[in-house]
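S.K.: After the structure tokens below, expect a handful of questions from me.
The values are calculated or read from the model by the stated rules, or taken from the named source; none is laboratory data. Because the structure is predicted, anything quoted here is derived from the model rather than measured. Virtual Cβ from ideal backbone geometry, glycine too; neighbours counted across all protein chains shown. For the accessible areas, the whole protein counts, side chains as well, though only heavy atoms, and no ligand, DNA or RNA atoms are used. Shrake-Rupley method; radii C 1.70, N 1.55, O 1.52, S 1.80 Å.
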Amino acid sequence: MGNREDLLAGARRCLEEKGYLRTTVRDIASASKVSMAAIGYHFGSREALLNLALFAAMDEWAAGSGRLAGQGETAEERYADTWDRKIRDFGEMRWLWTASVEAFVHAQSSPELLAILAEGQRRSRRMVAAQLSGVPEGEVAEEEVRSLGSVHIALLSGVMVQALTDPEQAPNGRELARGLRRMAELLDG
């Protein structure tokens with residue numbers, strides 16, 4: 001690997017071990033065995049490097065978790081199985097979710113990062129709406145993106161926080177599916 005790749009790998013290790021907010025330039029340089037000056041040369045700043053490493057890790061996760069699980073027989077069972085896998089990922093990849101929350105907090109004072117996160121949410125809403133609807137992303141109506149995609153992303157964020165805060169009491173996939181069905185019943189009321 002070259003210095004750029006070494007720095008990205010080192011930044012990821014730092015995110016895993018120290019998180020987003022506590023990782024310093026010195027930490028990254030040490031983890032990657034590359035000079036601190038190389039961070040500025042290749043990425044411009046510590047923040048830019050950490051953002052790239054974090055977004056790459058999130059993309060890897062999304063690529064592996066985006067498909068609906070196929071174990072259940074009904075759509076509701078498959079949806080519940082998918083949630084069970086995501087919830088398991090929250091525990092197994094705690095560093096990724098903690099770092100993403102830290103990046104969100106930091107973004108409140110970084111307009112550039114806030115814009116990147118907002119664009120990521122827009123793409124995620126479309127991707128999720130397409131997956132749940134079973135159609136290509138380009139065919140998802142904007143109304144579906146704004147409703148179905150937004151609701152699922154809101155659930156993802158909320159369940160992630162519950163799973164990180166109190167894993168023993170966080171909902172499982174079946175409870176989420178039942179809760180959504182009950183919510184739909186109440187709305188139909």
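S.K.: Checking the a/c ratio against 1.5 first, then a/b against b/c, what shape does the Cα gyration tensor give for the stretch 98-171?
M.R.: Verdict is oblate for the stretch 98-171.
S.K.: If you don't mind, there's one more thing I want to ask. Have a look at TYR79, TYR41, TYR20 and tell me which one the Gaussian network model of the chain (Cα, springs below 10 Å) gives the largest fluctuation.
M.R.: Greatest mean-square fluctuation among the candidates belongs to TYR41.
S.K.: What's the FRET efficiency of ALA56 with ALA154 using the Cβ-Cβ distance as r and R₀ = 30 Å, to the nearest 0.05?
M.R.: Between ALA56 and ALA154 the formula returns 0.80.
S.K.: Applying 1/(1 + (r/R0)^6) with R0 = 35 Å to the Cβ-Cβ distance of VAL135 and THR165, what FRET efficiency is obtained, to the nearest 0.05?
M.R.: Plugging the Cβ-Cβ distance into 1/(1 + (r/R0)^6) gives 0.50.
S.K.: What translational diffusion coefficient, to the nearest whole µm²/s, does the chain have by Stokes-Einstein, given a Kirkwood radius computed over alpha-carbon pairs, a temperature of 25 °C and 0.890 mPa s viscosity? Please report the intermediate quantities before stating the final value.
M.R.: Details: Rh = 18.1 Å.
Estimated diffusion coefficient is 136 µm²/s.
S.K.: Let me ask something else about it. How charged is the neighbourhood of ALA56? Take every other residue with its Cβ under 12 Å from the Cβ of ALA56, and add Lys/Arg as +1 and Asp/Glu as -1. Walk me through the intermediate numbers first.
M.R.: Numbers: positive: ARG12; negative: GLU5, ASP59, GLU60.
Here the charged neighbours net out to -2.
S.K.: To continue, here is another question. Hey, what's the stretch 7-164 come to in accessible area per residue, 1.4 Å probe, Å²?
M.R.: Per residue, the stretch 7-164 has an accessible area of 53 Å².
S.K.: Would you mind counting up the charge near ARG22? Only other residues with Cβ under 14 Å from its Cβ, with Lys and Arg at +1 and Asp and Glu at -1.
M.R.: Every neighbour counted, the sum reads -1.
S.K.: Express the carbon and sulfur contribution to the solvent-accessible surface of the chain as a percent, rounded to the nearest whole number, probe 1.4 angstrom.
M.R.: That share works out to 54 percent.
S.K.: While we're on this one: Could you rank the peptides 137-143, 158-164, 56-62 by their average count of other C-beta atoms within 10 Å per residue, with the highest value first? Working shown, then result.
M.R.: Details: 137-143: 11.9, 158-164: 17.0, 56-62: 14.9.
With the highest mean Cβ count within 10 Å placed first, the list reads 158-164, 56-62, 137-143.
S.K.: Let me ask something else about it. Which one of ALA75, ALA130, ALA11 has the biggest mean-square fluctuation once the chain is modelled by GNM with Cα springs under 10 Å?
M.R.: Among ALA75, ALA130, ALA11, the largest mean-square fluctuation in the Gaussian network model of the chain belongs to ALA75.
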